[in-house]
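The values are calculated or read from the model by the stated rules, or taken from the named source; none is laboratory data. Owing to the predicted nature of the structure, the values given are computational and were not obtained by experimental measurement. Neighbour counts are summed over all protein chains in view; Cβ atoms, including those assigned to glycine, are modelled from backbone coordinates with ideal geometry. To get the accessible areas, we keep the full protein, side chains included, count just its heavy atoms, and leave off ligands, DNA and RNA. Shrake-Rupley method; radii C 1.70, N 1.55, O 1.52, S 1.80 Å.
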Amino acid sequence: MTKRSLDEQMTMRFLKELSVPKALAWILTISAGAFIFLIYLIYFREAADASGEWVDQLPALNAMLNSISAILVVSGYVAVRQKKYIRHMKLMLTAFITSGLFLISYLLYHNFSGHTPFPGEGWIRPVYFTILISHIILSATLVPMVLTSYYFAFSGKFKTHRKVSKWTLPIWLYISVTGVMIFFILNAYL
């Protein structure tokens, strides 16, 4: 397969025709709206009545989805380093879907349980909050970074895709790993 036909396979015509400023405006609007909704759901809205034990199982599901996402992101990185671009694309799309499922599960959990206070005391408290705060801040930046990276990939702007992805990959990996760490630390104290 020639490089040109591979590039054509991986691009989406409507994204190729969408200007970068318009695409970035849409990405930032969607990302800001999602983040504001999440903050509202967790900190300002009263939790809905939980219906069943399934809600208590969602944090474990979230940790599992974060773990799978981390594995897929690393596998996607390995694939692109080996110049297996189609495999890279499939792995990264699967990571995106896994992260999307995580977000749905996370929203469901916080819809029914609200905010989860950390009861730990002593040295673990500042450790936990350092991890949590860095996780939250970077999570807010990840959504627009991932969407921007996908936009550049699917519009055929591969040089720019690589530049954005050099920052997106480590942040995505950090968020996935710290999400699992937060689950285990919370679980140890709840």
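When the chain is fully extended, how far beyond the present Cα-Cα distance does residue 167 get from residue 44, taking 0.36 nm per residue of separation?
41.1 nm
Tabulate in residue order the Karplus-calculated ³J(HN,Hα) for region 37-47, using 6.51 cos²θ - 1.76 cosθ + 1.60 with θ = phi - 60°, rounded to whole Hz; enter x for Gly and Pro.
Each residue of region 37-47 in turn: 4, 4, 4, 4, 4, 7, 10, 10, 9, 6, 5 Hz.
Based on the Cβ-Cβ distance of residue 129 and residue 103, what FRET efficiency does E = 1/(1 + (r/R0)^6) give at R0 = 22 Å, to the nearest 0.05?
Using R0 = 22 Å, I get an efficiency of 0.50.
Taking the highest mean first, how do the peptides 179-187, 58-66 order by number of other beta carbon atoms within 10 angstrom per residue? Could the numbers behind the result be given before it?
Working: 179-187: 17.0, 58-66: 19.0.
In decreasing order of mean packing, 179-187, 58-66 become 58-66, 179-187.
Given 10 °C and 1.306 mPa s, compute D for the chain with the Stokes-Einstein relation, Rh being the Kirkwood radius over Cα pairs; round to the nearest whole µm²/s.
It diffuses with D of about 88 µm²/s by this estimate.
Going through the cross-link list 16/159; 16/157; 83/157; 22/157; 22/83, which pairs have a Cα-Cα distance over 19 Å in this structure?
Long pairs (Cα-Cα over 19 Å): 22/83.
Based on DSSP H runs of at least 4 residues, each adding -39500 (n - 2.57), what is the mean residue ellipticity at 222 nm of the chain after dividing by all its residues, to the nearest 500 deg cm²/dmol?
Result for the chain, helices only: -28000 deg cm²/dmol.
Could you give the length gained by full extension between residue 121 and residue 83, i.e. 0.36 nm per residue of separation minus their alpha carbon distance, to one decimal place?
Taking 0.36 nm per residue and subtracting the Cα distance, the gain is 8.9 nm.
Please sort by residue number the chymotrypsin sites (Phe, Trp or Tyr not before Pro) in region 53-158 whose DSSP state is loop and whose Cβ has at most 13 other Cβ atoms within 10 Å.
Hits after loop and neighbour filter: 123.
Once the Cβ-Cβ distance between residue 18 and residue 184 is put in as r, and R0 is 35 Å, what FRET efficiency do you end up with, to the nearest 0.05?
The value I calculate is 0.25.
If one computes P(r) from the Cα atoms of region 128-177, what percent of pairs lie at distances over 11 Å? Show your work: numbers first, answer last.
Details: 798 of 1225 pairs.
Counting every Cα pair in region 128-177, those more than 11 Å apart make up 65 percent.
How many Å² of accessible area per residue for the chain, probe 1.4 Å?
It amounts to 62 Å² per residue over the chain.
Mind giving me the FRET efficiency for residue 53 and residue 159? R0 is 45 Å, r the Cβ-Cβ distance, nearest 0.05 is fine.
0.35
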